[in-house]
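Structure first, then comments.
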Amino acid sequence: MTELHDTARALVAPGKGILAADESGGTIKKRFDSISVESTEDKRRDYREMLFTAEGAADHISGVILYDETIRQRSAAGPPLVEVLTSQGVIPGIKVDTGAKNLARAQGEQVTEGLDGLRERLAEYQELGARFAKWRAVVNIGADIPSTYCLSVNAHALARYAALCQEAGIVPIVEPEVIMDGDHSIERSYEVTTATLTAVYAELHAQRVDLSGTLLKPNMVLSGYNASSRAGADEVADATLRCFRRVVPAAVPGIVFLSGGQSDEDATAHLDAMNRRGPHPWELSFSYGRALQAPALKAWKGEAANADAGKAAYAHRARMNGAARSGGYTPEMEAEAAAG
Ligand code: 13P
């Protein structure tokens with residue numbers, strides 16, 4: 001268990017957080033479509049290799065979540081991408097769920113699949129170098145949802161995944177994402193996030209998961225993206241912290257937020273506002289996908305000639321979020337982007 005604890009702590013080392021680069025085939029295609037680039041195996045390799053070799057990024061990135069294809073892929077120069085990461089002290093991780101599917105007899109709700117054969121897959125991923133994993137459950141907010149049925153099946157699956165990970169010597173990142181699409185209030189987001197996390201920690205406890213060898217990857221408590229009036233950074237920070245203090249045990253070493261469709265700068269400002277209110281029982285860090293990658297994707301446009309610009313854009317976001325880890329971010333720092 002000490003190794004699990006050490007890995008979990010290393011992932012939330014001061015000033016550092018996680019890059020989520022584990023987009024599935026469908027999701028990476030969507031991202032590439034947005035810059036009119038065809039999603040081929042080589043292009044996906046080029047794009048991810050660009051991120052993994054960005055100078056200075058490893059100062060702020062402790063680990064990278066990979067997709068099945070990427071953990072097996074070699075860099076253009078030959079060494080496996082996993083080695084490209086570990087040679088910089090970056091810990092490789094792996095997404096192991098197989099996606100959210102419609103939940104039977106529950107209109108508008110989903111359950112995440114991927115438990116069948118998971119023990120064997122984890123053993124293989126451990127051989128390939130993964131030291132942590134991710135499983136994402138999806139909780140939608142609507143007039144009559146989420147149901148306790150949805151929260152309970154997703155919490156059960158998350159705990160089964162987490163226990164299997166720990167058996168394999170892999171740190172489970174437990175990700176119950178309450179989706180912020182919709183016009184709900186921040187109070188509704190607070191209520192649903194609290195209920196979701198309560199169900200998750202009850203199952204983790206029931207299934208004998210050692211919380212000190214886990215990380216939580218939650219949404220922030222926000223107003224719905226289409227709400228008529230949306231809460232500002234201070235309100236978001238206060239509501240999110242109030243929720244977590246009630247339901248996330250202090251044995252959990254770190255909370256690594258997903259960005260969930262927030263703008264890059266909002267995701268950074270919200271994390272910063274929370275860390276300004278510290279110290280907290282857990283490290284508060286990031287495990288962003290879009291909020292770390294969006295500017296890099298736009299700068300790259302699928303062209304090798306733009307790789308340096310893509311790297312600079314990504315390294316900048318890594319630096320900004322690294323600063324937010326200790327409440328040391330100011331919007332004025334964004335101007336450094338031009339300077340690189
Ligand atoms: P976003 O930060 O883009 O929400 O992605 C994080 C993630 O890994 C979602 O599962």
Out of residues 5 or more away from Thr112 or on other chains, whose amide H comes under 5 Å of its own, with H placed 1.01 Å from N in the peptide plane?
Lys101, Val138
Amide H contacts of Gly254 (H built 1.01 Å from N, under 5 Å, at least 5 apart or other chain):
Leu216, Glu283
What order do you get for 72-78, 177-183 when each peptide is scored by the mean count of other beta carbon atoms within 10 Å, highest first?
177-183, 72-78
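Subtract the Cα-Cα distance of Asn306 and Glu3 from 0.36 nm times their separation in residues, and report this length gain in nm to one decimal.
Values: separation 303, 0.36 × 303 = 109.08 nm, distance 3.95 nm.
Contour length minus Cα-Cα distance gives 105.1 nm.
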Springs between alpha-carbon atoms under 10 Å, Gaussian network over the chain: tell me which of Glu175, Glu127, Glu49 tops the mean-square fluctuations.
Glu127
Integer Hz, Karplus 6.51/-1.76/1.60 couplings in order for region 198-210, x for Gly and Pro
4, 5, 5, 6, 5, 5, 4, 5, 4, 9, 6, 6, 7
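Mind counting lysine pairs for me in region 1-132? Cα separation below 25 Å, and the two need to be 8 or more apart along the chain or on different chains.
Working: Lys16/Lys95; Lys29/Lys43; Lys29/Lys95; Lys29/Lys101; Lys30/Lys43; Lys30/Lys95; Lys30/Lys101; Lys43/Lys95.
Going through region 1-132 pair by pair, I get 8.
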Restricting to DSSP H runs of at least four residues, report the calculated mean residue ellipticity at 222 nm for the chain, -39500 (n - 2.57) per run over all residues, nearest 500 deg cm²/dmol.
-14000 deg cm²/dmol
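Using a Förster distance of 35 Å, how high is the FRET efficiency between Ser152 and Asp59, based on the Cβ-Cβ distance and rounded to 0.05? Each step should come with its number before you reach the end.
Numbers: r = 41 Å, r/R0 = 1.18.
Efficiency, rounded to the nearest 0.05: 0.25.
FYI, it's all coordinate maths here, none of it is from the lab. Quick caveat: nothing in here was measured; it's all calculated off a predicted structure. Neighbour counts are summed over all protein chains in view; Cβ atoms, including those assigned to glycine, are modelled from backbone coordinates with ideal geometry.
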